[in-house]
Structure formats: C-alpha cells, structure tokens
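First comes the structure, then the notes that go with it.
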Amino acid sequence: DGRLTFYPGNQTVSLPSINFMKRHGTVFLNAYTNSPICCPSRAAMWSGLFTHLTESWNNFKGLEPNYTTWMDLMEKHGYHTQKYGKLDYTSGHHSVSNRVEAWTRDVDFLLRQEGRPMVNLTGDKKHVRVKEVDWRNTDKAVNWIKEEAINMTQPFALYLGLNLPHPYPSPYAGENFGASTFLTSPYWLEKVFYEAIKIPKWSSLSEMHPVDYYSSFTKNCTGDFTEQEVRDIRAFYYAMCAETDAMLGEIISALRDTGLLKKTMVIFTSDHGELAMEHRQFYKMSMYEGSSHVPLLVMGPGVKKQQQVPELVSLVDVYPTMLDIARIPIPHNLSGYSLLPLLHGKAKNDASPRGPRPSWVLSEFHGCNVNSSTYMLRAGRWKYISYSDGQSVLPQLFGMLHLLSPNTLIYCSAIWLLTDSWFVPDLSADPDELTNIAMEFPLVIHSLDKLLRTIVDYPKVSLAVQDYNKRQFVSWRQSLGQNYSNVIANLRWHQDWLKDAQKYESAIDEWL
C-alpha cells in the first residue's frame, strides 16, 4: 500500500529501509498501478503500455513470452541484466481458477471465490525469515551484488521480485481456495504500532455500490467480523510490510558494503496494494486507494534528496524511466513518461521531450472477483471510476469541491476542472472514499468521462474483453470433454457450487 510510505500511513509500522530511501532520495505521493492485479500490472510496468493496449486482461493473459521489455533493451545496449524472484508478467501462469473466474464474470451467479480472511502467528520473537522463498531470492541478489556486480566493468540492471506482502494460501479451506491468510511472526508484529491502526468504516451491504458488493461477496467478506479481527488483519499486513522492508534493507546494505550505493539507482515499487478490510474487502482488484495506490521511491545519482513529488504517476512510467537512466532512446508509442526530470527536481513543464506529462493517470481492471470491466481516472484531485459500457452500472466520483467564490460553479468549464484555475477538488477531503458524489456533480462526471474516452474507448474495450472471455471459456470447456463437470466443480468456488451444481451449470449454459 503506497500510503505507508508517507504520513500518516507511515506511523503504523516501522519501515527503516523505506525511510532511508526517503532521506536519500525521492518519494512519489501519488503513484498508481495501471491494473490492480498481479500479472496485468506487471505487464504494464515491463511494457510501458496501458492494459487495453497489451490486452493483458487477467492473471492468465499477460505479455507474450518474447515481448521486448525495458530490461531487454538495456541488455541490448550494453547492460548486464539479472532477475531474481517473482516476475509474473507473461501469459500462461496462475491456476485454472484464476482463468475460469475471470472468463465467467458475466455469468448470472454469485459465488465465494476466496477463503475468509484470517491471521496466523508463527514462530517466536526470534523468527525473522517467515517468507523463506523471498529471503532466499534476496540472498541470491545480495550475493550477486557482492560477488558479481562489484567486479563488473559494464553497468548492470538487477531486478528482485518479492511475493510479500501478498497474503498466504489458505489450506484450511482447500488447496484451490485462494490466498487469504495474513501470516507473520512475533518478531515482525512488534514493529507495528497497534494504537495507530485505523479501523475502516464500512457501509451497510444494502448501501454498497453493486460492483463493490459483488467483490466483497466473492472475497468472502460479507459476513460478520469483530473489530479485533479487522484490527489483527491490518496489523498482520503491516507486519508483513515490515518484513518486506527488511529485504529492501539487505539490498541497500549490500550496495553500501561494496561501494556501489553512491553510483546505483535504486527503485522500490509494487504491482498493487492491499485493502486489508477497507470497504469490507481484502486483497486487490479495486480502484480504492488501498488497492490502487502503490509505493514508488527512487534514490541514486542526480536524484533530489528528501523530495516529495505530488504529480500523478503510474507504473507505465517505469519503462521510459529505465531507458532514460541508461540514455537509451525512448520509443514514442509508450503510455508512460520518464520520471527522471521529476527526480532531478525539474519543473513539471520540463518533464519530457514529448511535452509535459499528462495531469491524469489511468488504471483498469478486467480480471476475477469483479463482475465488470472497471476504469479509474485520477485527474487533478478527482478520482472517477466508470464501469462496463459507462451506462449499465453507475459511476463513482470521489473528492470534495472547494469554491473560491460563491458564484464560481456557475461558470465552470471542463478546462477549468483539469487545470484547477477557479476551484480545487480535493480527494483528501474524503480520504476513506466513503461518499460517492457522482450524482451531485454531473458536469464534473461529463468532463471526466469525456477525457477518459479520449484515452481509451472503454465501452469498446469492455465488449472486446467480454468476447475474449467467452471464447476462452468455450475453448477451455471443449478441451476438457467429459471431465469438464468435475473440474469446474472443484475450482475455488466449489463450496458454493456444490450446493446446487445444476443451477450454476444452467447459468453458464444460458450465458453461452
């Protein structure tokens, strides 16, 4: 969750490595994922292109394996490249459940697809390495820095992908039942300041936006949770973030010990955040801040120290930034813009040879656990969320309007909306995003929707995704033959499905 990298979120847990990067570099206050789910988000980061351009629709459909990434280009231009850990940006991975649940979003049924979120404490106060796989990959990266990078005459690009602070699988609910366990040890839990943990407010189920309700149900969060359960889930999540921070610290220490830190650019980011029981949800797959707002910190030669950048940025900016760092020509067809001018403290209008970076960011979602393609536009200080074809599902708008004079609103136009010339919409006035003000500001909705449609023809994209999902499901079903019924009955939704399998089979037939 990117909000943990600056005040007030950073008051909930000790993150010394993040704080080190803030002191010696730049933190972006408004960095967003371009798709709040693992594979599509990473596909955007590695390609520099929006999700609707790569057609990375879900955790199964990412980039083609031979896609040219920024790291490929750096290697082509003389960099030694090395990758460790989780990559997860190419097609063909994740479970059958991930695929089928994404493909069948338009079927008229509601099924729980995740285990109920819960916590699990393991080990004692000396148990540091809880996520052993991540620690092993961190060790590999550290050893590579100390044994290989130190002796290189050519520049290098090292990538380390961690799985933390992603929740763990929940074997208590069956092997196919998702990852809903927040697991940590007493060592990391001591890094959390319990008194600073904020318990999120929940709307009643009847008041929830229909897409939010659907998502809460599929994530198994519509039941009763005590305040202690919610507090523990959030505390354990923060503890998992502390463990992640320690791995970052290992990399920084290795660079410092080898004398490489002063001449190495270090970037820390994430593919998405974690709702941790905000909006009666855990996991990601949502445009709310906990899910879509990601950390982005950079330090290194030429990077302004102790700088907080308020400009809106997103993960597609990583591709042109890496090329800019390496002085490699940046392709003009990218969705992202180099962050290097902002990192050097330059004015916004000097930000790119392509012209000033846009004053908006785009995020979109087409995967599982949500029954509609979703599009989020952050522009100025508004957050606009549109669904499907833009008509069949009500949009959402978050922010608060502060007028400079009582009569200003009468004369407002779309251009003023985006340049903040006469009034200032303030997302921070509703930081919990509890009040959808779409109905109160139709002119704002019209302006933002018009802007969104200039970026992406989202009704057309939504139809293309629906067509893709149906074709993929039909092909998959035909490939199974007589084994189809048994396979589909044992996906992550099996506990609901088996109560009335014929009903849900019929719903699929009707959809097809």
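If the condition is being modelled with pLDDT under 95, under 19 Å from residue 114 (Cβ atoms) and either part of a loop (DSSP other than H, G, I, E, B) or among the basic types (Lys, Arg) (or both), then segment 187-207 contributes only 202. Of the residues making up segment 83-108, those that are at pLDDT 90 or above and surrounded by fewer than 16 Cβ atoms within 10 Å (Cβ to Cβ) are 83, 106, 108. Filtered by the rule that a residue be closer than 13 Å to residue 281 by Cβ and either open to solvent by less than 10 Å² (accessible area, probe 1.4 Å) or in contact with a Pro (Cβ under 9 Å, 6 or more places away or on another chain) (or both), segment 212-236 gives 215, 216, 218, 219, 220, 221, 225, 230, 233, 234.
Any chance segment 42-63 includes a residue that's in contact with an Asp or Glu (Cβ under 7 Å, 6 or more places away or on another chain), closer than 26 Å to residue 188 by Cβ and open to solvent by less than 10 Å² (accessible area, probe 1.4 Å)? No.
Here is the figure for segment 1-36: residues that are at pLDDT 95 or above and open to solvent by less than 20 Å² (accessible area, probe 1.4 Å) total 19.
Residue-by-condition table, conditions (1) in contact with a Phe, Trp or Tyr (Cβ under 7 Å, 6 or more places away or on another chain); (2) hydroxyl-bearing (Ser, Thr, Tyr); (3) closer than 20 Å to residue 293 by Cβ:
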| position | (1), (2), (3) |
| --- | --- |
| 31 | no, no, yes |
| 65 | no, no, no |
| 76 | no, no, no |
| 89 | yes, yes, no |
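Listed by position, the helices (runs of 4 or more DSSP H) enclosed by segment 1-99 that each have at least 2 residues that are of a type in the set (Gly, Ala, Ser) are 38-47. Looking at the structure I just gave you, is residue 182 among the aromatic types (Phe, Trp, Tyr) and exposed (fewer than 14 other Cβ atoms within 10 Å of the Cβ)? No; evaluated as a whole, the condition is false for this residue. Residues of segment 246-297 that are among the aliphatic types (A, V, I, L, M) and either in contact with a Phe, Trp or Tyr (Cβ under 8 Å, 6 or more places away or on another chain) or outside the structural domain of residue 312 (by the TED database) (or both): 247, 248, 252, 275, 276, 277, 285, 287, 294, 296, 297. Here residue 76 fulfils each of the conditions (1) in contact (Cβ under 8 Å) with a residue 40 or more places away in the chain; (2) over 25 Å from the mean Cα position of the chain (by Cα) apart from (1). Among the residues of segment 224-233, none qualifies, meaning not one is under 24 Å from the mean Cα position of the chain (by Cα), part of a loop (DSSP other than H, G, I, E, B) and at pLDDT 95 or above. Restricting attention to segment 241-280 and to residues that are among the acidic types (Asp, Glu) and over 16 Å from the mean Cα position of the chain (by Cα), the residue that is most open to solvent (accessible area, probe 1.4 Å) turns out to be 257.
Of all residues in segment 124-173, those satisfying the criterion of being assigned to a loop (DSSP other than H, G, I, E, B) and surrounded by fewer than 15 Cβ atoms within 10 Å (Cβ to Cβ) are 124, 125, 126, 127, 128, 148, 152, 153, 154. Scanning segment 465-512 for residues that are part of a helix (DSSP H, G or I), in contact (Cβ under 8 Å) with a residue 40 or more places away in the chain and either of a type in the set (A, V, I, L, M) or exposed (fewer than 12 other Cβ atoms within 10 Å of the Cβ) (or both) yields 465, 487, 488, 503, 507, 508, 510. If you check 152, 118 for being out of contact with any Phe, Trp or Tyr (no Cβ under 8 Å at 6 or more places or on another chain) and in contact (Cβ under 8 Å) with a residue 60 or more places away in the chain, only one passes: 152.
The values are calculated or read from the model by the stated rules, or taken from the named source; none is laboratory data. What you see is a predicted model; the values in this text were computed from it and never measured. Reconstructed Cβ throughout: ideal geometry from the backbone, glycine too, with neighbour counts over all protein chains shown. Ligands, DNA and RNA are excluded from the accessible area calculation, which covers all protein heavy atoms including side chains. Shrake-Rupley method; radii C 1.70, N 1.55, O 1.52, S 1.80 Å.
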